[in-house]
Structure formats: C-alpha cells, structure tokens
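The values are calculated or read from the model by the stated rules, or taken from the named source; none is laboratory data. These numbers come from a predicted model, not from an experiment. Virtual Cβ from ideal backbone geometry, glycine too; neighbours counted across all protein chains shown.
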Amino acid sequence: MVFQKIDIANYILARLEEPVSPMKLQKLLYYCYAWQLVAGEHLFDARFKAWKFGPVDIDIYHEFKSFGAHSIPKPPVVGIPNLPLINLVVDSYGIFSAAELSKTTHAEDPWKKYLHTNNYISDEVMIQFYSKQPFRNNFPIGSQDGFYPPKMASHYMFTFDMEDEDIPQFDSIEEYVMELQGSNDDLTQFVSEQTS
C-alpha cells in the first residue's frame, strides 16, 4: 500500500516522543524516503530539492512552514498501520537534532550533487549512494543479525578511511540508542565538571 507523504510526515511526528521542528521532520522524511528506495519498499512518493539546510520536499515545507523553527504539535491519531521500515529509520535517526541531521545530509553525495541546481534529487542518485552505506545491512528488516547504525556527520569527519569490517555493529537498535544516550550523559557530566 502506498501512503500520502503528509500521512507519513504525521506518522513520524506521532512516533517521536520529543518535539520535532519542520527542519528535523524534513530530514527524517528524506531518510525514510531514501531507505525505502534502497530496501525496495514503495511506501510513499516524495521529491526533494537540495536546500541550504538539507533536502526539502516542497509540499511538506509548505504544510509546516508556519511553525518556523518551533515544534510541530503532535497530530491526532494517525490512521496508518505499523510501518517497520519507517519505525527503524525514525528510531535510528530521530535521536539526533535537526542540526546534526542537516550536517549529515551535507556530508552526503545526493545533497552535494544537487545543491547548486534547481533540480530534484534523483532516486537513482539516492539509491547509488545509500546502497553503499552500512545501514543498508538492516534490510530487509528482521533478516539480519544485529543492527548497523547510520553514518552521521561526525562519522564522515573521523572515519573516511574506515573499512566495512571496522564499522560498528550493535546487537539491536535498543543497544545502539542506549549507547548514544550514555555517551551524551557522559559528555554532559564532563562539561558540567569542567565549568564548575
């Protein structure tokens, strides 16, 4: 079944516990779209242009632009069944800020290739790029052992020469999220100790 992209956007908003800005929603929708292409699932149609702060679907932009940099309220009950692919992408990328997601798209070829054009980022370019990323190993969902986290902006800065066998793998997405939260807590504590 193919859903409307506004329904997928609302599904993403309903899935996340924390507030979501229009910019973060755009990046999450973009990653959901890119990974559905790689996984060979057709859940929704969208078209993205490479804007200053990352990929943007124009229709979704107009739907939520009135919120500016503020959080979008949670939608009423979303009438979409459980979508494991969307859940995996949102759970994997949704723990990052809008700024971190934006920086990550800036490090990736699809955005870089289309930035100074007025063209839509092509599905073929997305497939070509993302099908080479370790996160691809999470598809089809349920068929793999472990979880391969997405490459974020910091990964591109520090691991440009990393081999595939060196890429971190976790037992589950839950382990990955706990590891990130623990790292964030450690950093917060370190900064607090240094400034007091």
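Only residues that are of a type in the set (A, V, I, L, M, F, W, C) and within 13 Å of T104 (Cα to Cα): list them for the range 133-153, please.
Start the filter on the range 133-153 by keeping residues that are of a type in the set (A, V, I, L, M, F, W, C), which leaves 135, 139, 141, 147, 152-153.
Across the range 133-153, the qualifying residues are M152, A153.
For (1) touching a Cys at 6+ places or on another chain (Cβ under 8 Å); (2) closer than 30 Å to F48 by Cβ; (3) at pLDDT 90 or above, each residue gets a yes or a no:
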| site | (1), (2), (3) |
| --- | --- |
| L115 | no, yes, yes |
| I141 | no, yes, no |
| D171 | no, no, no |
| E175 | no, no, no |
| M178 | no, no, no |
| G182 | no, no, no |
| D186 | no, no, no |
- Task: Pull up the range 22-56, narrow it to residues that are small (G, A, S) and touching a Phe, Trp or Tyr at 6+ places or on another chain (Cβ under 7 Å), then point me to the one that is nearest to L83 (Cα to Cα).
- Result: A39
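Out of curiosity, is K151 within 18 Å of K27 (Cβ to Cβ) and surrounded by 14 or more Cβ atoms within 10 Å (Cβ to Cβ)?
Working: within 18 Å of K27 (Cβ to Cβ): yes; surrounded by 14 or more Cβ atoms within 10 Å (Cβ to Cβ): yes.
Against the criterion (within 18 Å of K27 (Cβ to Cβ) and surrounded by 14 or more Cβ atoms within 10 Å (Cβ to Cβ)), K151 qualifies.
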- Task: Take the residues in the range 107-124 that are touching a helix residue (DSSP H, G or I) at 6+ places or on another chain (Cβ under 7 Å) and surrounded by fewer than 19 Cβ atoms within 10 Å (Cβ to Cβ), then tell me which one is farthest from Y31 (Cα to Cα).
- Result: K113
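Would you check which residues across the range 4-19 are in contact with a helix residue (DSSP H, G or I) (Cβ under 8 Å, 6 or more places away or on another chain), of a type outside the set (K, R), touching a residue at least 60 places away in the same chain (Cβ under 8 Å) and not in a loop (DSSP other than H, G, I, E, B) and list them?
Passing the criteria: I8, Y11, I12, L13.
Going by the conditions given, is H62 assigned to a helix (DSSP H, G or I) and either modelled with pLDDT under 95 or surrounded by fewer than 17 Cβ atoms within 10 Å (Cβ to Cβ) (or both)? Can you show your working first?
Numbers: assigned to a helix (DSSP H, G or I): yes; either modelled with pLDDT under 95 or surrounded by fewer than 17 Cβ atoms within 10 Å (Cβ to Cβ) (or both): yes.
So H62 passes the test.
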- Output the residues belonging to the range 85-103 that are more than 17 Å from N138 (Cβ to Cβ) and either crowded, with 17+ Cβ neighbours inside 10 Å or among the acidic types (D, E) (or both). A98, E100, L101, S102, K103
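The rows are residues; the columns are (1) surrounded by fewer than 20 Cβ atoms within 10 Å (Cβ to Cβ); (2) β-branched (V, I, T); (3) out of contact with any Cys (no Cβ under 7 Å at 6 or more places or on another chain).
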{"site": "I6", "(1), (2), (3)": "yes, yes, yes"}
{"site": "N10", "(1), (2), (3)": "no, no, yes"}
{"site": "A14", "(1), (2), (3)": "yes, no, yes"}
{"site": "P19", "(1), (2), (3)": "yes, no, yes"}
{"site": "P22", "(1), (2), (3)": "no, no, yes"}
{"site": "L25", "(1), (2), (3)": "no, no, yes"}
{"site": "Y33", "(1), (2), (3)": "no, no, yes"}
{"site": "D45", "(1), (2), (3)": "yes, no, yes"}
{"site": "D57", "(1), (2), (3)": "no, no, yes"}
- If you check G146 against the conditions, is it at positive phi and modelled with pLDDT under 90? yes
